[in-house]
Amino acid sequence: MKRLFLLLVITVITSINVFGQAIPKQIDYQGVLKTSTGTIVADGNYQLTFRIYNNPTGGSALWSEVQTVAVANGVFSAHLGSVTPITTVPFDRIHFLGITIESDPELLPRTTLKPSPYSFMAMDVLDNSVTAEKTLDEAGYNYDNTGDPNQLYPLTASGQPFTSVTLDAPANGFAFVYAQAEVFITHTSGTFDNVILKVSQTAGDVTTPSYGVSLVRIPSAWPTSGSYQVVHAVSISAVFTVTSGTNTFYLNGYTSSGSETGLLVPEITVIYVPTRYGTGANMNLKNQFISGQNSFTGN
C-alpha cells in the first residue's frame, strides 16, 4: 500500500476577468509519495484522485478530479482544478482535501485547506458589473473658488449667497463643509459694524445664532477717531447630515452696518464621509472681534 507522506499547498490562483478571459481556479499542490513502510516509491506515473469536502470525515465531495501525476524521487506536483474547474466549492468556510492513490482507500486524516483558497470569494464581480452591493462608499470632496480675486463682492442688509458647491453623495452620510473669505470693511469711529457669514443648505440663510456661523464685529468705540479700511480673514466650518443624491451648500453673507463692506475671494469646500464615529456636540458659533474685545459693546 502506498501513502502520501508530505502535503503542502504552495499557491492558489484565483479566477479573474482579464479582457473577458476567465482564468480557472487552481490550487497548486505538492507532496511526497512513500510506501506504507516509509520507502519512497519508484519513479513513474501514478493516478491520484482529489476531492474537496465540507467535513474532515464522511460526507459527500463538493468537487473531485482524477489526475495522473509524474513522480520523481518521490516528489510530485498537481494543479488541482486543471482537469475539473473548482466551481462548486464556495470557499466560505473551512474545507478539507481528501486524496486517493491508485485503488487504495482515501488517505486519513484529510488535509485542511489553508486560507489562501478563500481568496476565491473576492470574485464577486464575475458578471462584469459593479453594483452598490459590490462597492464600499468612500470619502470624496468638491469645492468652488471660481470668484474673481480682484473683485469686491458687496455685502447688503439682506442675506445672499456668494458661492456654492454641490455634493453628489453615493449614499446617506455626512458632509463636512468649510468656507473662507476675506471680509472688507471701511470702518468709521462711532459706527458699529456687523458682518455675518454662514454655511447653509439654503441660499441666503443667515439666521443667528446658529450652527456654522461666523460673526465679524467692530465696536463703535474702536478706533477713537477717523476711518479705516479693515481686511479680516474669516473661516467657517460645519457638519451636515446628507442624503443620497444631490446636496448643495452655500456661503451666505449679511451686514447690518452702514459702512462699505464686502467679501474678497470667497471659497467653499465640502467633504463627504459615509459614517460618523462616536458622538459629540455641534460646532459653536464663532465670534470674531477686530478690536480684540470680548463683548458686543457699541451702538
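Some notes on this structure:
- Inter-label distance, nm, simple model (7 Å from Cα along the C-beta direction), residue 244/residue 57: 5.0
- Taking 0.36 nm per residue of separation and subtracting the Cα-Cα distance, full extension of the segment from residue 42 to residue 104 would add 20.6 nm.
- Modelled FRET efficiency - R0 45 Å, residue 176 with residue 220, Cβ distances, 0.05 increments: 0.80
- Net length gained if the chain between residue 275 and residue 142 were fully extended (0.36 nm per residue, minus Cα distance): 46.1 nm
- For the range 50-70 versus the range 213-244, the spacing of their alpha-carbon centroids is 74 Å.
- The order of the peptides 191-200, 60-69 by mean Cβ neighbours within 10 Å, most packed first, is 191-200, 60-69.
- Residue 72/residue 93 FRET efficiency (R0 35 Å; Cβ-Cβ; nearest 0.05): 0.45
Readers should treat all values here as calculations from the given coordinates under stated rules, not as data from a laboratory. Just so it is clear, the model here is predicted, and its values are computed rather than measured. Cβ coordinates were reconstructed from backbone atoms using ideal geometry, including for glycine residues, and neighbour counts include every protein chain displayed.
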